[in-house]
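Trainee: There's a structure below that I have some questions on.
What follows is calculated from the coordinates using simple rules that are stated; it is not laboratory data. No experiment lies behind these values; they were computed from the predicted model shown. Here the Cβ positions follow ideal geometry from the backbone for every residue, glycine too, while neighbour counts run over all protein chains shown.
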Amino acid sequence: MSKAFVFLLFLLVPPVLSHANTLQGVRMHEAPDHTRVVVDTSARADYQVFTLDGPPRVVIDLQGTQARSGFDPSVAGVGRKRIEAVRGAARGGDYRLVLELKNPLRPNAFSLAPVAPHGHRLVIDLYGTSKAKPAVRKAPKADRDILVAVDAGHGGDDPGAIAANKKREKDVVLQIARRIADGLNELEGFSAILVRRGDYYISLRKRMEIAREARADLFVSVHADAFKSASVDGASVYTLSDRGASSETARWLAAKENQADLIGGVGDVSLDDKDPVLRSVLLDLSMDANRSASIEAGKAILAALGDVTKLHKHRVEQAGFVVLKSPDVPSVLVETGYLSNPAEARRLSQREHQTKISGAVVRGIANYMRAAPPPGTLLANRMTGRRDGTVRYTITRGDTVSQIAERFGISAGSLREANDLKNDRIRIGQVLKIPPS
Ligand SMILES: [Zn+2]
């Protein structure tokens, strides 16, 4: 036999005994309305997903796949809200994963191509059979609160930036977003919802939808990103631009943020976000008004941030962030600082600094809204009342002049003046006139 012939024979023998694919691991992220199961594999998975009942199960068959050595499927199922247990076993040349469910769930499976830091992924989103209610507010009442949707960037498979001290953007910004929401909820006339409430990914489009469905008056996306240079630091505020980015950092960040859907894992990703109806009708009609409202809100937040931290840029920057593309809800993106700067990364993970930053964002939002409260809100109605001189406040225990002034967004001086107060002495039961701000 010639050498060439031996070689040819070798090529013709199919590699029956070798597996094409290796199961690397199984991870889970629990969102309020679904559980995401992520199966990491060495190559694109050939799979079948189906359900069985009595007890309810979801079966995932991975064809031509073997588990990596030491793989223990049960670990992923420990302490889960909707899943009782995870089992797995080899079946011929395939591998079968079984998710034992607490209640029947509807699986939606799709695979994702590698995007750093992830390799090939098979995603199975498990939804309840009756659709879970989104966080929708009750119908607006007279004197309603101003509603702010606070969005913690990234989440789940998308860690966002990772600092030298290993802190992940998705965790840091969720902490800061929670503090912002708490601060707003404490303010009279304001309430807040968190767009993301745990460690799971939400698509950029879905984030806007949550804000719109809740009828938010403002959408604030909170980030703490990385730049290619570690020396860059300071907070910045961005709004949407359709004419290109106002700086190199803005362009860089927008490009990175817009990749989030690929990393976080969205089945059908359209990064250019083209929706002909949205573009031709809504954008033209309301984008301009919305854009200037976004810039005004951004300015107020930036000014307040400048009191507590270094600013990266002293004006509101603009770039094509997909997450800010709501045509009807003013939207801003707050970069609380850069995790790529070691000193700032340390500060951003500390409670004291997080409190300062979130307090400043709350003050900025309050200042913006008090200057131009949306119609129908308590603040708007009170402003009308104040113009007529009909708003009164009755002193209760613990009140001080400066606190009352702050609550109504006016200076202590103008409160004193409106009431002919010579000093800050007030008594319980005393009635004060509240002047317009
Ligand atoms: Zn980010």
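Trainee: Once you have all Cα-Cα distances for the chain, histogram them in 20 Å bins from zero and send the whole-percent values.
Mentor: Each 20 Å bin holds this share of Cα pairs: 22, 46, 24, 7, 1, 0.
Trainee: Subtracting the Cα-Cα distance from 0.36 nm times the residue separation, let me have the gained length for GLU213 to ARG397 in nm, one decimal.
Mentor: Gain on stretching GLU213 to ARG397: 62.3 nm.
Trainee: Now, a different point. Do the alpha carbons of any pairs in LYS166/LYS206; LYS228/LYS299; LYS299/LYS325 sit beyond 20 Å of each other, and which pairs?
Mentor: The answer is LYS166/LYS206; LYS228/LYS299.
Trainee: Based on the Cα atoms of region 305-397, what semi-axes does the equivalent ellipsoid have, where each is the square root of 5 times one gyration tensor eigenvalue, given in whole Å with the largest first?
Mentor: Equivalent-ellipsoid dimensions as semi-axes: 33, 20, 10 Å.
Trainee: Further question on the same structure: Give me the one-decimal nm value for the distance between modelled label points at ALA372 and ASN108, 7 Å along each residue's Cα-to-Cβ direction.
Mentor: Once both label points are built, they end up 3.6 nm from each other.
Trainee: Assigning unit charges at the beta carbon (Lys, Arg +1; Asp, Glu -1) and nothing else, what dipole magnitude in debye, to the nearest 20, does region 21-128 show about its Cα centre? It would help to have the intermediate numbers written out before the result.
Mentor: On the way: 14 positive and 11 negative charges, 22 e Å.
Dipole size: approximately 100 debye.
Trainee: Please grab the % of Cα pairs in region 146-371 that end up more than 28 Å from each other.
Mentor: Result for the distance tail: 20 percent.
Trainee: Å³ per residue of the Cα convex hull, for region 389-433?
Mentor: 67
Trainee: What's the magnitude of the charge dipole for region 146-371 around its Cα centre, counting Lys and Arg as +1 and Asp and Glu as -1 at the beta-carbon? Answer in Debye, nearest 20. Don't skip to the end; give the middle numbers.
Mentor: Values: 31 positive and 31 negative charges, 112 e Å.
For this selection, approximately 540 debye.
Trainee: Follow-up question, since we're still on this one. In the chain, which whole DSSP H runs stretch at least 27 Å along their own axis (Cα) and average -1.0 or higher on the Kyte-Doolittle scale?
Mentor: 284-306, 351-371
Trainee: Amide H of MET28: which non-local residues (sequence gap of 5 or more, or other chain) have their own amide H closer than 5 Å, using H built in the peptide plane?
Mentor: Placed amide hydrogens put VAL38 under 5 Å from MET28.
Trainee: Something else now. Run the simple label-point estimate for SER437 and ALA230 please: 7 Å along Cα→C-beta, distance reported in nm.
Mentor: 4.2
Trainee: OK, next. For ASP40, ASP143, ASP217, what's the fewest-to-most ordering of other Cβ within 10 Å of each Cβ?
Mentor: ASP143, ASP40, ASP217
Trainee: Here is a follow-up. Could you please rank VAL75, VAL329, VAL26, placing first whichever residue has the fewest other Cβ atoms within 10 Å of its Cβ?
Mentor: Least crowded to most crowded, the residues run VAL75, VAL329, VAL26.
Trainee: Contact order normalised by length for the chain, with contacts defined as Cα pairs under 8 Å and 6 or more residues apart; what percent is it?
Mentor: Relative contact order, the chain: 14 percent.
Trainee: If every alpha-carbon in region 205-261 counts as one equal scatterer, what log10 I(q)/I(0) does Debye give at q = 0.14, 0.16, 0.29 1/Å?
Mentor: -0.49, -0.63, -1.35
Trainee: Based on the alpha carbons, how large is the Rg to Rh ratio for region 159-243 when Rh follows Kirkwood?
Mentor: When Rh is taken as the Kirkwood radius, the ratio is 0.98.
Trainee: Based on a Kirkwood Rh over C-alpha pairs, give the Stokes-Einstein translational diffusion coefficient of region 21-128 at 4 °C and viscosity 1.567 mPa s in µm²/s.
Mentor: Roughly 94 µm²/s, to the nearest whole number.
Trainee: A further question on this structure: Using the Kirkwood formula over every pair of different C-alpha atoms, what hydrodynamic radius in Å results for region 60-216?
Mentor: 18.7
Trainee: With 10 angstrom as the radius, rank ILE426, ILE146 by how many other C-beta atoms surround their C-beta, starting from the fewest.
Mentor: Arranged by neighbour count, lowest to highest, ILE426, ILE146 become ILE426, ILE146.
Trainee: Also, I was wondering about something else. Add -39500 (n - 2.57) for each DSSP H run of 4 or more in the chain, then divide by its residues: what number comes out at 222 nm, to the nearest 500 deg cm²/dmol?
Mentor: After summing the helix terms and dividing by residue count, I get -9000 deg cm²/dmol.
Trainee: Another one. I'd like the FRET efficiency for ALA255 and ALA418, computed as 1/(1 + (r/R0)^6) with the beta carbon distance as r and R0 of 60 Å, rounded to 0.05.
Mentor: Working from the Cβ atoms, E equals 0.70.
Trainee: FRET efficiency for HIS314 and THR129, Cβ-Cβ distance as r, R0 = 45 Å, nearest 0.05?
Mentor: E(calc), rounded to 0.05, equals 0.30.
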